[in-house]
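So the structure is just underneath, and the comments pick up after that.
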Amino acid sequence: MSPQPAGPVRRFTASRYLAPVLSIVAVGVLVTTLVAYFYTRATVENLAQGQITQALSFLDREITMQTHDMVMQTNLMAQEDVLRLALEDSYLGRSARVAAQRKLDAYVRNGAFDRAYLMNLRGRLVLASDQTLTEHLIISDRRYFTQAAAGHHVLETLTVSRVTGRPTLVSSTPLRDPGGSVIGVVVGLISIDAFAREMLNDSRIGQSGGAYLMNRDGAVLGTPGWAAPGAFGVRAANGQAASHAQQLLANARQGGVFRFTRNGARRMCISRLNETTQWVLVLEADEDEVLAPATRLAAVSGAISLVTLLTVFLALGALRRLMTSLRNSEADHRALTELSPVGIVTFGASGRPEYLNRQARTILDIPPDGPPPRTIDLEDGEGQPLEGPNSPFAQVLRDRASIVGLLVWRRSAADERKALYLNATPLAVEGREVHGVVATLEDITERMRALELLHQSEERFSSLFRLSPDSIVLSDLDSGLVVDVNETFCETHGRDREEVIGKTVADLGLYTDPRQLEDLVDRVRRFGQVLNEEVIGHRGDGQEMILSLSSQVMEIGEAKYRMTVARDVTERHRAEQELRENRRLLESILNTVPLSIFWKDKNCVFLGCNKAFARALGFTTPMDVIGKTDFDLPLSPEASASYRLDDQQVMASMTPKLGFVEPLVLDDGRHIWLETSKLPLLDEDGAAVGVLGMFQDITERLEAEEQLRQSEERFSRLFRYSPEAMALVDTDDNRFADANEAFQKLTGYSNQELIGKDSAGMAFYAKESSRAVIHEMIRKDGHVEHYEFEGRKKDGQIIQCAISCHLITIGDKRYILGLVRDVTELKKMQEMMIQTEKMISVGGIAAGIAHEINNPLGIVLQAAQNLVQRTKPDFKKNIETAKRLGLEMDTLAKYMQERKLDVFIADIQAAAVRASAIIRHMLDFSRSSESRRKICDLPAIIDKAITLAGSDYDLKKSYDFKRIRLIRDYADDLPAVNCTETEIEQVLLNLLRNSAQALAEATSQDQEPVITIRAASAGEYVRIEIEDNGPGMPPDVQRRVFEPFYTTKPPGVGTGLGLSVSYFIITKGHGGRMSVRSQPGEGTRFSIELPTEHDAEAPQ
């Protein structure tokens, strides 16, 4: 029997083992894929976590260093002497504020702070780098102020700044005087955005991952510049902290990775609590983005598994294909390289890149799907290209030697240089020819930047260390050996740097008292810092100096050091000594001057005074007054309130109140008077910060002045209110020094027109010779007694004057006191009296010749009447006689009319009647009427006079009296009057005639003519007023209206005796008064006052 072919058996055998083999291979591939996935995932996650942790540690360290730098800057600023001086409320303090302001501005300008403040212990902002804040910014309630004012250094985070509204980091420290007492607070502020923005920008993970800062309440303090608002979502839309904020705080304390979901995206983060600032540092990333390589590996591995199973299934029968499947597994390993966080590049034997993983493409800015580049352009540190034979990859191929840790640079499309860490090794199999190069690239640009920032920070510290004007010593905390000193230290102590380093400060013998140094070092070790400790040291030339030491512990790397800053305050002590001496000198001066001097602050609290002020108020020393207010002094509440009000007004108005007099009641009840002056005390900005006052007791002087004032007041009153015209003329220049109102009224000149004017220039003397006579009499006799002369008023009116003068002395000057009287009316009265005597004589003569004149006048009047009677054409006897003579009476009448004989006869009659009336008036003027007096009814007499005026023929010829509206105003309670009825009628009729004639002469036809007659009681008199609305009378007419024979009427119309007779009837016949008041254009009013029956006087 022949054997069976082996082929089917082998196929059968292969088919029998195919399923188990395939199953085993499938399981193996699946397990391998899963292991690779989870291992890669864990590796990628560990790498990401390591990268996040490293970045977070760097961020934590950088924030700590920057914070310590800010604290150190604040401490250095607190050691500025000029800031301590600026707090003093004195001239020196105000001068120091200008320099202190420049110091604050310099710290802000150098980037140490965004803002800097100097505050006093009352919470007032004395200085600020932003000077607009000093008026309205209130920060006395802030913790960083209250704690610093209590003597503690404070580092505080403000979630919302009152100035910027943004999160702000604040460093405050107490400002101490040389004795160690806190006198103020120094504050430095910096915006957290500006503080941490650059550090946060450098801590970026992927596309959406990065670092941010928040406080313990979950409020975001700082975010990177590339993040959109609300990108990290710690605060919800309603302003409350998101639910994962507290978990982030817990994670900061516990450590590890915290995962959560936001907006449907899974996030992973690590948080850490910064011990210095108590900020929560959070670095988060998109978990899917971080684990994307592991996910892609799973997908690739699954695809590879399927391909592998298919390949094994198709090629399992041929062993020669086994090697092919092994070589294909290289692709699997290549996929693994895609997960590497390091860029991997393989080169062929020609030196051209053949493969770049994802990270390498990212580093080299090559698209993920793009072909490998022909070359990879790199540069060295100086920017020279590494290409051709100089290419590191060509060197590896040529030298068959690996390159490890080579720093190269790659220029991106945006012309930015990336720092790359390059490792390269040749590819060869068991000593064969090198067939390629594999290289790893790591982008260390961000790491280099971090190192550069660290270097810059160290450089700033180094610059501050080297250039500080204060001596700085850096020594090991444990051993005390000096590690470094700055140039100022060497110059101050006269030591070389090499001579100091490696020794202790005690070995150098720089300080007089070693025990003081030991105590300072011990306190630094226990408390971490000592500020402003004053010790006595030595200069390089052996001279003693006073140093202000501040020392604190600081960490540099892993080592701890003690940094000591020493400031030479010898000159300051000397200046303070001089200031104390100057203060003692000023106190001596203040206590020597005969004035009581005090000064207060803006709250009216006494800051100081001299001994005279203290003694004046019953105190022993000025120290008993300092710190008190006016209400604490032994003064009445009213006086204290008055003094405080004065002080506040002086400060509010910024105006001195000088030389005012005020009373003071002493403890013994005596009243004294003080002359007080107060001035505002101003700061360098011109604002009132207090008040300076001084006073002296002027009681005795005031009493003397009061006596002098009373004397002068008596003279002044006599001068001012004297009815006599008085004037003072300076004897030196003959100019008016003063004049009273009577003199001004007399001359018509005002006081302003008289004072300072030459008496000759005023033209008061109508004749200059009169002035010369007066001055000659004064020069010769020293006085003038009742010298009469003609004076000229301002309006040119000539008046008769009488002057009396005397020389008087006022102060140290000589004056002429002149008393001038207007004797014009007196002269007129004298003339009137003379005229009256003449009139009396005329009356006597009239009585004697009346009958002699009346007889021929009667014959003339009778003859004129007979002529009229005997020439009447209708008279019977005339007709008979004419017929007998053959004469026609009508012809005679015509003849007389033609020849105007009838007019001549009428004129003879009128002249005879007028002459008769004049004679009757003369008789009435001279005749006494006492025998006809009786108790009269004045209203009836007035009405009768009105009736007579209405029937007056002479009035009717020119004006109808009935057309005048008469207003009668008689009082009901008129007392009885003893008078002669006909005489009063005559007076009233004369006045009514004058008013009617004046109304007839009025040119205005628009105004109704009115005469008002009033009768009323006027005390002991009955007053009758007759007032019209006619044209009125000028003043010169009023003065002469009662003169005999004075008339303004045309010739033949008036005799000029009507008003003069009326005047004498009232004044002489009835013992009454008569006057007139008138203004041109405003009418005239005559007033008659008759005595009542009880007071009636006998006629004169």
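The numbers here are math on the coordinates, done by the rules we state, and not lab data. Note that the coordinates shown come from a computational prediction; the quantities given were computed from them, not determined experimentally. Cβ atoms come from the backbone with ideal geometry, glycine included; neighbour counts cover every protein chain shown.
Grab the other residues whose beta carbon is less than 15 angstrom from that of E768, score K and R as +1, D and E as -1, and report the net.
Values: positive: K767, R771, R792; negative: D758, E776, E790.
Taking every Cβ under 15 Å from that of E768, the sum is 0.
Which loop GluC sites (Glu not before Pro) in the stretch 332-406, with loop taken from DSSP, have no more than 10 other Cβ atoms within 10 angstrom of their Cβ?
E382
For the stretch 136-177, what does the alpha-carbon gyration tensor say about shape, rounded, prolate or oblate, given a ≥ b ≥ c as the root eigenvalues, a/c under 1.5 as rounded, and a/b over b/c as prolate? Write out the running numbers ahead of the final one.
Values: a/c = 2.61, a/b = 1.72, b/c = 1.52.
It is prolate, given that a/c is not under 1.5 and a/b is the larger ratio.
What order, most packed first, do the peptides 216-223, 153-160, 257-264 have when packing is the mean number of other Cβ atoms within 10 Å of each residue? Don't skip to the end; give the middle numbers.
Details: 216-223: 19.2, 153-160: 17.5, 257-264: 12.5.
Packing order, densest peptide first, comes out as 216-223, 153-160, 257-264.
Based solely on C-alpha atoms, express the radius of gyration and the Dmax of the stretch 96-216 in angstrom.
Calculated on Cα positions, Rg and Dmax stand at 16.2, 58 Å.
Which of the listed residues, T629, G537, H573, is farthest toward the dipole's positive end in the stretch 522-654, when Lys, Arg count +1 and Asp, Glu count -1 at the beta-carbon?
Towards the positive end, the residue furthest out is G537.
Any idea what the alpha-carbon Rg over 2.2 N^0.38 Å comes to for the stretch 722-821? Write down the numbers at each step before the final one.
Numbers: Rg = 12.3 Å, N = 100, 2.2 N^0.38 = 12.7 Å.
Output field value: 0.98.
Please report the relative contact order for the stretch 468-570, taking Cα pairs under 8 Å with a sequence separation of at least 6, and give it as a percent rounded to a whole number. Show your work: numbers first, answer last.
Numbers: 202 pairs, mean separation 28.5, N = 103.
Relative contact order, the stretch 468-570: 28 percent.
What ranking of C801, C604, C609 emerges when the number of other C-beta atoms within 10 Å of each C-beta is taken as an exposure proxy, fewest first? Write down the numbers at each step before the final one.
Numbers: C801 23, C604 19, C609 26.
Ordered from fewest to most neighbouring Cβ atoms within 10 Å, C801, C604, C609 come out as C604, C801, C609.
Please compute the length gained on full extension between A976 and T570, using 0.36 nm multiplied by the number of residues separating them and subtracting their Cα-Cα distance. Display every interim value, and only then the final one.
On the way: separation 406, 0.36 × 406 = 146.16 nm, distance 11.17 nm.
Going from the current span to full extension adds 135.0 nm.
Working only with C-alpha atoms, what are the Rg and Dmax values of the stretch 593-697, expressed in angstrom?
Rg then Dmax for the stretch 593-697, in Å: 13.1, 44.
If one computes the Cα centroid of the stretch 629-680 and of the stretch 343-401, what distance in Å separates the two points?
94 Å
Could you work out the relative contact order of the stretch 722-821? I mean the mean sequence separation of Cα pairs under 8 Å and 6+ apart, divided by the number of residues, in percent. Mind showing how you got there, number by number?
On the way: 190 pairs, mean separation 29.3, N = 100.
For the stretch 722-821, the relative contact order is 29 percent.
Filter the trypsin sites (Lys or Arg not before Pro) in the stretch 64-128 down to the DSSP loop ones having no more than 15 other Cβ atoms within 10 Å, then list what survives. Write out the running numbers ahead of the final one.
Values: sites: R84, R94, R97, R102, K103, R109, R115, R122, R124; in loops: R122, R124.
Taking the stretch 64-128 and a limit of 15 other Cβ atoms within 10 Å, the loop trypsin sites (Lys or Arg not before Pro) found are R122, R124.
Go through V1022, G480, A727 and say which Cα lies farthest out towards the positive end of the charge dipole of the chain; charges sit on Cβ, +1 for Lys and Arg, -1 for Asp and Glu.
Farthest towards the positive end: V1022.
Using +1 on the beta carbon of Lys and Arg, -1 on that of Asp and Glu, and nothing else charged, what's the dipole of the stretch 722-821 about the Cα centre, debye to 20? Please report the intermediate quantities before stating the final value.
Numbers: 13 positive and 16 negative charges, 32 e Å.
The calculation lands at about 160 debye.
How would you order 446-456, 565-575 from highest to lowest mean count of nearby Cβ atoms within 10 Å? Intermediate results must be reported in sequence, preceding the final value.
Values: 446-456: 14.3, 565-575: 17.5.
Peptide ranking by packing, descending: 565-575, 446-456.
Name the GluC sites (Glu not before Pro) in the stretch 624-690 that are in a loop by DSSP and that have at most 16 other C-beta atoms within 10 Å, would you? If you can, show how the numbers build up before the last one.
Details: sites: E638, E675, E684; in loops: E684.
Counting only loop positions with at most 16 other Cβ atoms within 10 Å, the GluC sites (Glu not before Pro) in the stretch 624-690 are E684.
In whole angstrom, note down how far apart the Cα centers of the stretch 968-1044 and the stretch 436-464 are.
So the separation of the two Cα centres works out to 124 Å.
Describe numerically, in nm with one decimal, the distance between label points set 7 Å from Cα along Cα→Cβ at A250 and at K780.
In this crude label model, A250 to K780 measures out at 12.9 nm.
Only helical DSSP H runs with n ≥ 4 go in: add -39500 (n - 2.57) per run for the chain, normalise by residue count and round the 222 nm mean residue ellipticity to 500 deg cm²/dmol.
Only helices count here, giving -14500 deg cm²/dmol.
To the nearest 20 debye, what is the magnitude of the charge dipole of the chain about its Cα centre, counting +1 on the Cβ of each Lys and Arg and -1 on the Cβ of each Asp and Glu?
Numbers: 127 positive and 149 negative charges, 779 e Å.
It works out to roughly 3740 debye.
Give the whole-number value, in cubic angstrom per residue, of the convex hull volume spanned by the C-alpha atoms of the chain. Intermediate results must be reported in sequence, preceding the final value.
On the way: hull volume 548.7 nm³, N = 1100.
Roughly 499 Å³ of hull volume per residue.
Less than 19 Å apart at the alpha-carbon level, and either on another chain or at least 8 residues along: which aspartates and glutamates does that give for K883?
D874
For the pair Q897 and L966, what calculated FRET efficiency results from E = 1/(1 + (r/R0)^6), where r is the Cβ-Cβ distance and R0 = 60 Å, to the nearest 0.05? Write down the numbers at each step before the final one.
Values: r = 40 Å, r/R0 = 0.67.
Once rounded, the FRET efficiency stands at 0.90.
Quick one: helix 824-870 against the long Cα principal axis of the chain, what's the angle to the nearest 10°, folded into 0 to 90?
It is inclined by approximately 50 degrees.
Counting pairs of alpha carbon atoms under 8 Å apart in space and at least six apart in sequence, what relative contact order in percent does the chain give?
Working: 1744 pairs, mean separation 44.3, N = 1100.
Relative contact order, the chain: 4 percent.
Give K745/K1068; K602/K657; K745/K827; K103/K628 a once-over and call out the pairs whose C-alpha atoms are over 26 Å from each other.
Values: K745/K1068 32 Å; K602/K657 16 Å; K745/K827 19 Å; K103/K628 36 Å.
Listed pairs above 26 Å: K745/K1068; K103/K628.
Of L248, P341, V71, which is farthest on the positive side of the dipole of the chain, counting Cα position, with +1 on Lys and Arg Cβ, -1 on Asp and Glu Cβ, and the Cα centre as origin?
P341
Over 10 Å intervals from 0, what percent of Cα-Cα pairs in the stretch 513-638 sits in each interval?
For the stretch 513-638, the pair-distance distribution reads 11, 25, 17, 16, 19, 9, 2, 0.
Packing-wise, with mean Cβ within 10 Å as the measure, how do 740-750, 475-485 rank, highest first?
Numbers: 740-750: 18.4, 475-485: 16.5.
Descending mean neighbour count gives 740-750, 475-485.
Can you tell me which lysines have their Cα less than 19 Å from the Cα of K900? Leave out same-chain residues fewer than eight positions away.
K872
Write down, largest first, the equivalent ellipsoid semi-axes of the stretch 468-570 in whole Å, where each equals the square root of 5 times an eigenvalue of the alpha-carbon gyration tensor.
Working: eigenvalues 79, 49, 30 Å².
Its equivalent ellipsoid spans semi-axes of 20, 16, 12 Å.
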